[in-house]
Amino acid sequence: MSSFFPVVGGAQVTANNLGRYLTDRGHNVVAFVSPKYWRALGSRRAEFPFKILPMFPAQQSALPRFGEPYLKLQDLYLGFMQRRYKFDVWQSFGAYPTGVSIGHFTHRRNIPHVVRTVGYDIQKDEQIGYGYRLN
């Protein structure tokens, strides 16, 4: 996720609730969040019943700028995490850039990937300055 608690919105609440639900049922859940929010949570990460880890840095700014070279570096990081935690499925919150990044990794490895679009990533309104795709 590009953001997580302490920011509170629909995607953050959904990720938290889903993580808790799956953990309560015996699943091993790991949430990857941007390094900024991972640092902001600090010791409060221990309050969650699932592990919270930092995503590969600068996804929001580096993917549009560097494209495939960035994805290849991120794939190395995600591959390390996949080997360590042996995920059965990946879920991303947001089609771009997170869905694209995770999809790049999972597709080539035949790992299931679920994308939850959140709004700003697929919608835009120039009049109010809303949306990731305004550029």
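A few comments on the model shown:
- If R0 is taken as 22 Å, the Cβ-Cβ distance between GLU47 and ARG84 corresponds to a FRET efficiency of 0.45.
- Spin-label pair GLU126-ALA58: with each label point 7 Å from Cα along the Cα-Cβ axis, the two points sit 3.0 nm from one another.
- Rounded to whole Hz, the Karplus (6.51, -1.76, 1.60) HN-Hα couplings of segment 41-47, x for glycine and proline: 5, x, 5, 5, 4, 5, 6
- Multiplying the residue separation of ARG25 and PHE66 by 0.36 nm and subtracting their alpha-carbon distance yields 10.8 nm.
- Proximity of backbone amide H atoms, modeled 1.01 Å from N, is registered between VAL33 and LEU53, MET55 at under 5 Å, excluding neighbours fewer than 5 places apart on the same chain.
Every number in this text was worked out from the coordinates using simple rules, so none of it is lab data. What you see is a predicted model; the values in this text were computed from it and never measured. Neighbour counts are summed over all protein chains in view; Cβ atoms, including those assigned to glycine, are modelled from backbone coordinates with ideal geometry.
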